[in-house]
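Okay, structure first, notes after.
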Amino acid sequence: MKTIRLRAGKERSLLRRHPWIFESAIAKGAADAGETVRVESSDGNFLAWAAYSPASKIRARVWSFDESQRVDATFLIAAVASSVRARARFDIQSDSMRLVHGESDGLPGLIVDRYGETLVAQFLSSGAERWKEVLADALLDATGLTKLYERSDASGRALEGLPEVSGWLRGEGPVDLVLREHDWRLAVNIATGHKTGFYLDQRDSRRKFADYSRRLKFERVLNCYCYTGGFTVAALTGGATHVTSIDSSGPALEKAAANVALNGFEASCATFMDADVNASLRQFGAEGRTFDAIVLDPPKFAPTVAHAERAARAYKDINRLAFKILAPGGVLFTYSCSGGISADLFHKIVASAGIDAQVDGYISERMGGAPDHPMTINFPEGEYLKGLVVLRK
């Protein structure tokens with residue numbers, strides 16, 4: 001077994017059971033991509049077993065903190081089964097869910113979503129890649145399913161020195177699927193859709209938005225960065241009169257329109273704009289248009305803390321523009337999925353945007369990812385998605 005030894009004082013995060021070991025923390029030692037290494041403190045004490053990644057700034061990711069643990073196929077099979085079983089403890093109102101959430105489930109670099117009878121997996125670390133075949137079989141055994149599609153085409157693979165890969169890994173079948181979520185259905189494409197095909201992490205936020213729509217009787221709703229229209233369908237399900245949805249992807253908007261029809265709503269209930277969100281918000285402001293509810297669910301502006309300052313300006317700008325066209329008494333659902341933006345910083349950004357827009361509001365609720373996308377005590381980075389529900393005064 002190969003060993004890496006840390007620099008003096010760099011063992012503190014591992015003693016707190018944080019699973020990442022950065023390149024700068026290592027004094028000596030190396031291994032092949034994905035190989036399991038013994039991690040020791042500067043004085044030679046055992047700290048963890050980890051998967052080594054020679055190309056990544058995160059040079060190793062912890063499998064286990066138990067010195068007696070053997071990291072082998074049996075260990076990984078048990079970890080997958082435990083992660084799948086845990087989902088039965090969550091209240092998931094859907095036939096689609098996240099079954100493995102990487103480090104939060106003790107399987108660093110592995111993301112697995114279930115869409116009905118089909119699994120979609122991303123192997124995003126050298127360790128997950130090295131054990132891909134074992135993990136694929138374990139996933140099918142744990143779920144009783146036969147189809148597994150690989151979407152290892154995320155940009156993070158390049159940071160691990162891995163090529164992008166996608167296609168059927170086990171079995172085969174259609175890639176155009178329809179999932180059930182709460183009281184509605186949504187079409188997804190697991191081969192071309194964002195992430196593994198859809199944003200399952202916003203499931204509970206969409207339900208919340210439908211509830212607000214029903215309770216406050218929204219008439220004019222604006223859904224920014226709408227993708228395939230999940231929040232659009234939620235608003236209409238809640239009784240909204242009309243929803244304007246904006247995205248810069250024509251194919252996503254076509255799917256959004258199809259999702260509106262799939263749920264039995266007339267085409268006249270929705271307008272779809274292939275446009276830039278910032279420019280559209282400014283245009284609405286110039287025209288004096290206002291909305292009873294606005295959703296801001298932008299893409300990741302800050303993947304790391306290093307990008308936070310620039311991203312903060314972008315988040316502030318869109319929130320400021322949204323506040324200006326939010327009708328008095330209206331509701332803003334605003335989100336950040338950037339890991340580099342903390343919940344506290346996001347709150348400050350939205351507050352600053354309100355001040356600049358000369359708008360005040362009540363923070364009705366704080367939102368996060370659905371429970372099948374868990375954050376654990378020892379891995380706060382799992383809390384990448386954060387949101388605020390603001391009721392304008």
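The values are calculated or read from the model by the stated rules, or taken from the named source; none is laboratory data. Because the structure is a prediction, the values reported are computed rather than measured. Cβ sites come from the backbone with ideal geometry, for glycine too, and all protein chains shown count toward neighbours. Surface areas here come from the heavy atoms of the whole protein model, side chains and all, with no ligands, DNA or RNA. Shrake-Rupley method; radii C 1.70, N 1.55, O 1.52, S 1.80 Å.
Per residue, how much accessible surface does the chain expose to a 1.4 Å probe? Answer in Å², no decimals. Can you show the working numbers first?
Working: 16820 Å² over 393 residues.
Computed with neighbouring chains in place, this is 43 Å² per residue.
With a 1.4 Å probe and all protein chains in place, put Leu345, Leu162 in order of accessible area, largest first. Can you show the working numbers first?
Working: Leu345 55, Leu162 30 Å².
From most accessible down to least: Leu345, Leu162.
Rounded to two decimal places and with Rh computed the Kirkwood way over Cα pairs, what is Rg over Rh for the range 207-311? Working shown, then result.
Details: Rg = 14.3 Å, Rh = 14.2 Å.
Rounded to two decimals, Rg/Rh equals 1.00.
With a 1.4 Å probe rolled over the protein heavy atoms of all chains, the accessible area of Met97, Met1 falls in the order Met1, Met97, largest first.
Hey, which of these cross-link pairs are over 31 Å Cα-Cα: Lys255/Lys316; Lys2/Lys147; Lys208/Lys255; Lys208/Lys316?
Cα-Cα > 31 Å for Lys2/Lys147; rest within.
Just check the range 301-390 against the gyration tensor rule for me: Cα atoms, a ≥ b ≥ c as the square roots of the eigenvalues, rounded for a/c under 1.5, and otherwise prolate or oblate depending on whether a/b exceeds b/c.
On the way: a/c = 2.68, a/b = 1.50, b/c = 1.78.
Since a/c reaches 1.5 but b/c is at least a/b, the shape of the range 301-390 is classed as oblate.
In what sequence, highest mean first, do 56-62, 350-356 appear when ranked by Cβ atoms within 10 angstrom?
Numbers: 56-62: 22.0, 350-356: 18.6.
Per-residue mean Cβ counts within 10 Å order the peptides as 56-62, 350-356.
For the chain, set up a Gaussian network in which alpha carbons nearer than 10 Å are linked by springs, and say which option among Ser94, Ser249, Ser68 fluctuates the most. Highest fluctuation of the listed residues: Ser68. DSSP beta bridges confined to the chain are antiparallel in about 65 percent of cases. Of all aspartates and glutamates in the structure, those lying under 15 Å Cα to Cα from Lys10, and not within fewer than 8 positions of it along the same chain, are Glu23, Glu40, Asp43. The lysines within cross-link reach of Lys393, meaning a Cα-to-Cα straight distance under 16 Å and a gap of 8 or more places when in the same chain, are Lys324.
With a/c under 1.5 counting as rounded, go ahead and sort the range 243-393 into rounded, prolate or oblate using the C-alpha gyration tensor (a ≥ b ≥ c being the square roots of the eigenvalues; past the cut-off, prolate if a/b is larger than b/c, else oblate). Oblate is the answer for the range 243-393, as a/c is 1.5 or above yet b/c matches or exceeds a/b.
What's the carbon and sulfur percent of the chain's accessible surface, probe 1.4 angstrom, rounded to a whole number? Show your work: numbers first, answer last.
Numbers: 8510 of 16820 Å².
Heavy-atom surface of the chain belonging to carbon and sulfur, 1.4 Å probe: 51 percent.
Taking every pair of alpha-carbon atoms in the range 146-187, what share in percent sits in each 10 Å bin, from 0 to the bin with the longest distance? The percentages, shortest bin first, are 24, 33, 32, 11, 0.
Per residue, the Cα convex hull of the chain amounts to 133 Å³.
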